[in-house]
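The values are calculated or read from the model by the stated rules, or taken from the named source; none is laboratory data. What you see is a predicted model; the values in this text were computed from it and never measured. When we count neighbours, we look across all protein chains shown, and the Cβ atoms used for this are built from the backbone with ideal geometry, even at glycine. With ligands, DNA and RNA removed, areas are computed over all heavy atoms of the protein, side chains included. Shrake-Rupley method; radii C 1.70, N 1.55, O 1.52, S 1.80 Å.
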Amino acid sequence: MNEPQAGAGPSTTTPGSDQDAVPPGLLAIVTMLFFLSGTAGLVYQVLWMRSLSLFFGSDMYGVSIILGTFMGGLALGSVVGGRFAERTSRPLFWYGMAELGIGAFAVVFSSLLAALDPWIRAAYPDAAGASSFAYQLVRVLLATGALVIPTALMGTTLPLILRHIVRTRDVLGELGARFYAINTLGALTGTLAAGFVLIPYLGATRATWCAAAVNLIVGTGSAIVGLRSKLPPQLAAPAAASGVRVLELDPIPGVTAEQRVRIARAAVIALALSGFGSFALEVVWTRILLISFSATVYSFASMLSCFLFGIFFGSRLVSRVVDRLENPVGLFAALELGIGLSVGVLCLVVNAVPDLFARLLGTVAAVLGEGRDYTLVVSTLLASFSLLLIPTTLLGATFSVALRAYTTNIGHTASRTGNLYAANTLGGIIGSLSAGLVLIPMFGTTVSLALVVVIFTAVGVGLAATQASVYGGRWARSGYGAVGALAIVLALVSLAVPYRVRLNFNQQADATGELVYHAEGVQNTIDVIRSEAGTTALIIGGNVEADDGYLQRRHFVLKGHLPLMLQRDPRTVLVVGLGMGITLQATARHPGLEHIEVVELSPQILDAQRVLASVNGDIVNNPLVDVRIDDGRVFMKFGAGRYDMITADPIHPKISRVGYLYTKEYYESIRDRLTEDGVVCQWMPIYQIAPARLRSAIGTFLEVFPAATLWYVENHALLIAKNDASAIDFTLLAERFEHPNVREDLESIDIRSPEALLSHLLMGPAELRAYVDAGGDVPLNTDDFPYLEYFVPRDLFYRVVDNSRTFAPHLADPRDYVTGIPEESLATLEPLLATRAADLTEPAR
């Protein structure tokens with residue numbers, strides 16, 4: 001085995017003079033093109049993750065498969081691109097070709113998914129002979145098939161660019177940092193553009209065309225410039241032929257070849273571990289912050305923007321000094337220890353974040369005044385940057401410092417860049433999957449965050465030890481040991497702090513009571529608390545989703561019985577969303593049912609039923625009930641069964657990805673799963689949603705179920721539609737009401753007669769259409785144009801009365817939609833109807 005040898009001199013390993021440097025004008029052009037490339041790339045990441053989530057599910061395993069495949073493609077491309085770049089004299093031209101390839105693939109991406117649909121449908125476990133393992137394997141294979149080409153092309157871009165513009169060692173770190181930073185700044189711009197402009201206002205298809213147009217500009221411009229710009233001959237030499245490889249090293253005074261190899265090895269290992277820690281930090285801290293912020297699309301976009309800005313800022317800062325360093329390993333060690341220390345501080349502030357954010361929210365609302373629609377967005381951005389700027393800035397500085405330490409020969413800049421990028425990305429894949437699928441479910445967010453501190457501290461200590469062995473000095477005396485020890489102490493102290501239920505911004509008063517259940521699962525964090533008054537509340541991701549108090553029980557019980565009372569002989573029921581099980585309990589008590597299937601996304605919700613048995617009568621152990629852990633939308637799309645009644649009970653559409661359960665396409669899949677005379681019941685929130693958004697939600701449902709009716713129970717609306725559009729039979733409704741179980745349940749929520757139940761019918765099909773049309777040109781909520789998901793989070797301060805007042809001019813006369821009402825029932829019903837308008841315009845509570 002040959003020992004690495006020092007390079008023979010500038011004539012063989014480095015350019016001959018400064019005249020080989022890239023002209024400033026060309027450098028500026030390439031910089032702008034690479035910025036635009038980063039912008040388009042992040043837009044695609046948002047769009048493709050959304051498309052694939054709609055294609056085969058938004059459960060955490062599906063999301064992990066998509067993210068892992070996306071990043072795996074980047075890693076593959078960076079390695080291949082790095083090696084290819086060193087075999088071409090026109091890397092900028094091939095960079096342009098890669099950009100054109102990305103844009104072309106983006107244009108056909110949706111068609112590709114449509115072509116893959118039969119494969120995922122055939123592998124779905126509900127199909128005959130299908131298994132869960134086969135389904136997950138097919139998801140991995142299809143995600144790989146859909147993403148590997150464009151993401152690999154994306155991965156080639158940084159090695160190709162650096163191969164073209166880095167021509168002397170004394171600018172390696174500066175230009176590496178500059179282009180890493182500018183691409184990250186582009187990614188930040190793409191995040192903000194996709195989340196705040198393109199998807200909300202243009203929709204996914206037109207957003208794709210915008211990004212593809214950027215690729216066309218970047219690719220064409222780069223290819224034209226690249227054809228006219230060749231590398232200097234001494235850099236354009238092809239890679240060494242196969243055989244015994246001699247690693248040529250650029251000389252560094254006082255450092256031997258063996259030490260250079262040791263430094264390079266330490267740098268690539270450290271950056272891989274740093275990638276693991278950084279993505280684990282992102283996953284864990286995102287879970288923590290979402291409990292305070294609420295899991296809206298803007299919360300995700302804000303936190304991702306913060307991470308990207310920190311990486312950009314850190315890269316730009318370090319670019320000014322990295323090439324002056326004789327000892328990049330020492331700086332690398334200091335950065336990693338600094339990250340560990342800053343994350344240790346974050347460990348201590350976890351429990352204070354909800355209270356601090358609630359105060360910030362109030363302050364921002366007061367400042368914005370009439371612009372309160374943007375209060376949550378602005379507050380989330382401010383809070384994210386305040387908490388994460390320091391660790392993310394330090395993270396941003398690490399890549400160029402590692403590149404400086406790892407690149408031993410300027411002629412191998414591209415391959416070394418590719419290797420580093422791949423190591424960092426692969427570490428990130430493992431860190432992201434480990435945090436989301438293993439660490440949080442096994443240990444919880446607090447311990448997981450402490451483990452992140454340990455990872456960064458250990459990397460810093462290891463680098464410090466490498467520095468000491470090469471450059472001399474005792475690293476413990478230089479302060480590295482003290483910083484590392486302090487970081488570990490902070491993490492350990494955080495573990496001693498008792499768990500506290502944390503709720504979204506404006507619900508802190510609801511967190512009092514006895515904690516009877518807590519679990520941090522793959523999907524979300526679940527808490528069940530019981531107040532001194534005996535009320536039990538279910539908290540999902542920091543949001544109080546349900547309780548067994550009177551106001552909540554009213555619509556739960558009504559959802560369970562009302563749709564079934566409109567059918568002659570219902571036998572099979574599908575309930576989407578288990579929740580506290582109160583709706584399911586009411587449904588199971590209805591006479592004549594033979595089978596109830598429940599689809600619930602979170603295993604922890606099912607597990608929590610152990611402490612909710614006293615609330616729902618231990619309903620999950622009822623012989624009529626089967627609970628399936630699955631994505632409700634995917635089950636509706638791929639499952640084979642048909643049902644007499646489907647209760648679609650998603651949570652509020654302000655929550656990210658829940659908007660998928662309010663789209664036209666989802667309602668069409670529900671319609672396809674109903675029997676010929678089946679009935680669907682869709683819960684509709686009328687709080688924290690503006691009238692325009694509510695009209696869109698109702699109009700979308702009406703588009704698929706034109707014979708829908710709207711029933712109102714204080715603070716909640718229920719949309720009910722019969723598949724055969726037949727009229728409501730009062731005789732049947734009154735007959736069902738007399739069943740002991742039905743009467744007992746309805747009387748428990750103060751509905752004591754069939755007439756009282758009928759008084760909750762607020763609007764029929766004609767009135768619903770008039771109500772929707774009164775809002776003007778209201779867009780439908782579709783998979784391509786997710787209006788609700790992107791606009792409802794802005795509606796934080798809208799109250800129930802803001803919507804209920806808009807119902808008042810459109811009240812229906814039940815006689816128009818209900819047959820067989822006897823005269824005595826009409827007489828009983830008339831005074832009940834007379835009070836509806838007043839109740840809507842001035843709600844009692």
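Please indicate, with yes or no, whether at least one residue in the stretch 386-399 is free of Cβ contacts under 8 Å to residues at least 40 places away in the same chain, assigned to a helix (DSSP H, G or I) and either at negative phi or among the basic types (Lys, Arg) (or both). Checked the stretch 386-399: at least one residue is free of Cβ contacts under 8 Å to residues at least 40 places away in the same chain, assigned to a helix (DSSP H, G or I) and either at negative phi or among the basic types (Lys, Arg) (or both). Inspect the stretch 553-572 for any residue being of a type in the set (Gly, Ala, Ser) and within 20 Å of Leu710 (Cα to Cα) and give the result as yes or no. Within the stretch 553-572 (the criterion being of a type in the set (Gly, Ala, Ser) and within 20 Å of Leu710 (Cα to Cα)), the answer is yes, since at least one residue qualifies. When the stretch 529-550 is filtered for residues that are closer than 24 Å to Thr296 by Cβ, open to solvent by 20 Å² or more (accessible area, probe 1.4 Å) and among the aliphatic types (A, V, I, L, M), the ones remaining, listed by number, are Ile540, Val544. When we screen Val261, Val297, Val283, Val268 for residues that are at pLDDT below 85 and either more than 19 Å from Asp355 (Cα to Cα) or buried (at least 24 other Cβ atoms within 10 Å of the Cβ) (or both), the only hit is Val261. Restrict the check to the stretch 822-840 and report whether at least one residue is modelled with pLDDT under 90, under 23 Å from Met684 (Cα atoms), of a type in the set (Val, Ile, Thr) and in a helix (DSSP H, G or I). No. Pairing residues of the stretch 661-682 that are among the charged types (D, E, K, R) with residues that are open to solvent by less than 50 Å² (accessible area, probe 1.4 Å) and part of a helix (DSSP H, G or I), at Cβ distances under 7 Å and at least 6 apart in sequence or on separate chains, gives Lys664/Thr700; Lys664/Val704; Glu668/Val704; Arg671/Val704; Arg673/Met636. Taken as a whole, the condition of being surrounded by fewer than 23 Cβ atoms within 10 Å (Cβ to Cβ) and not basic (Lys, Arg) does not apply to Leu710. Being under 23 Å from Phe300 (Cα atoms) and either open to solvent by 20 Å² or more (accessible area, probe 1.4 Å) or touching a residue at least 24 places away in the same chain (Cβ under 8 Å) (or both) narrows it down to one residue among Gly427, Gly418; which is it? The match here is Gly427.
Evaluate the stretch 787-804: report whether one residue or more is basic (Lys, Arg) and closer than 18 Å to Pro685 by Cα. Checked against the condition, which is being basic (Lys, Arg) and closer than 18 Å to Pro685 by Cα, the stretch 787-804 yields at least one hit. Restricting attention to the stretch 373-393, the residues that are surrounded by fewer than 18 Cβ atoms within 10 Å (Cβ to Cβ) and of a type in the set (Ser, Thr, Tyr) add up to 2. Whenever a residue of the stretch 213-228 is under 17 Å from Pro24 (Cα atoms) and open to solvent by less than 60 Å² (accessible area, probe 1.4 Å), its partners that are assigned to a helix (DSSP H, G or I) and aromatic (Phe, Trp, Tyr), lying with C-beta atoms within less than 6 angstrom and at least six residues away or across chains, give the pairs Ser222/Tyr95; Gly226/Phe93.
Please note which helices (runs of 4 or more DSSP H) are completely contained in the stretch 568-667 and include at least 1 residues that are surrounded by fewer than 21 Cβ atoms within 10 Å (Cβ to Cβ) and in contact with a Leu (Cβ under 7 Å, 6 or more places away or on another chain).
603-608
Test Ser319 against the stated conditions and say whether it is touching a residue at least 12 places away in the same chain (Cβ under 8 Å), closer than 29 Å to Phe34 by Cβ and among the hydroxyl-bearing types (Ser, Thr, Tyr). So Ser319 fits the description; yes.
Taking the numbered list (1) hydroxyl-bearing (Ser, Thr, Tyr); (2) under 22 Å from the mean Cα position of the chain (by Cα); (3) open to solvent by 20 Å² or more (accessible area, probe 1.4 Å) in turn, Tyr406 passes all entries but (2). Taking the criterion of being more than 21 Å from the chain's Cα centre (by Cα) and among the charged types (D, E, K, R), the residues of the stretch 135-185 that qualify are Arg163, Arg167, Arg169, Asp170, Glu174, Arg178. Restricting attention to the stretch 715-749, the residues that are more than 25 Å from Gly617 (Cα to Cα) and assigned to a loop (DSSP other than H, G, I, E, B) add up to 6. If the condition is being surrounded by fewer than 23 Cβ atoms within 10 Å (Cβ to Cβ), in a loop (DSSP other than H, G, I, E, B) and hydrophobic (A, V, I, L, M, F, W, C), then the stretch 687-707 contributes Ala690, Ala707. So, Ser89, is that one closer than 28 Å to Phe35 by Cβ, open to solvent by 30 Å² or more (accessible area, probe 1.4 Å), in contact (Cβ under 8 Å) with a residue 60 or more places away in the chain and not in a loop (DSSP other than H, G, I, E, B) or not? No, not satisfied. Would you check if Ala358 is part of a helix (DSSP H, G or I), free of Cβ contacts under 8 Å to residues at least 24 places away in the same chain and not hydroxyl-bearing (Ser, Thr, Tyr)? No, not satisfied.
Looking across the stretch 768-804, the residues that are assigned to a helix (DSSP H, G or I), open to solvent by 30 Å² or more (accessible area, probe 1.4 Å) and of a type outside the set (Gly, Ala, Ser) come down to Arg769, Asp773, Asp802.
Taken over the stretch 574-595, the criterion of being under 18 Å from Asp631 (Cα atoms) and touching a Ser or Thr at 6+ places or on another chain (Cβ under 6 Å) is satisfied by Val575 alone. Please go through the stretch 49-78 and pick out each residue that is farther than 16 Å from Ser434 by Cα and touching a Lys or Arg at 6+ places or on another chain (Cβ under 8 Å). Hits for the stretch 49-78 are Ser53, Leu54, Phe56, Gly57, Ser58.
Residues that are open to solvent by 10 Å² or more (accessible area, probe 1.4 Å), of a type in the set (A, V, I, L, M, F, W, C), more than 18 Å from Leu420 (Cβ to Cβ) and out of contact with any Gly (no Cβ under 7 Å at 6 or more places or on another chain) within the stretch 146-184 comprise just one, Ile149.
The set of residues in the stretch 643-684 being β-branched (Val, Ile, Thr) and touching a Pro at 6+ places or on another chain (Cβ under 8 Å) consists of Thr647, Val658, Thr663, Val679, Val680.
Within the stretch 730-756, the set of residues being in contact with a Leu (Cβ under 6 Å, 6 or more places away or on another chain) and either open to solvent by 10 Å² or more (accessible area, probe 1.4 Å) or among the basic types (Lys, Arg) (or both) comprises Pro754, Glu755.
Tell me the residue from Ile582, Ile596 that is in contact with a Phe, Trp or Tyr (Cβ under 9 Å, 6 or more places away or on another chain), free of Cβ contacts under 8 Å to residues at least 40 places away in the same chain and of a type in the set (A, V, I, L, M, F, W, C), please.
Among Ile582, Ile596, only Ile582 is in contact with a Phe, Trp or Tyr (Cβ under 9 Å, 6 or more places away or on another chain), free of Cβ contacts under 8 Å to residues at least 40 places away in the same chain and of a type in the set (A, V, I, L, M, F, W, C).
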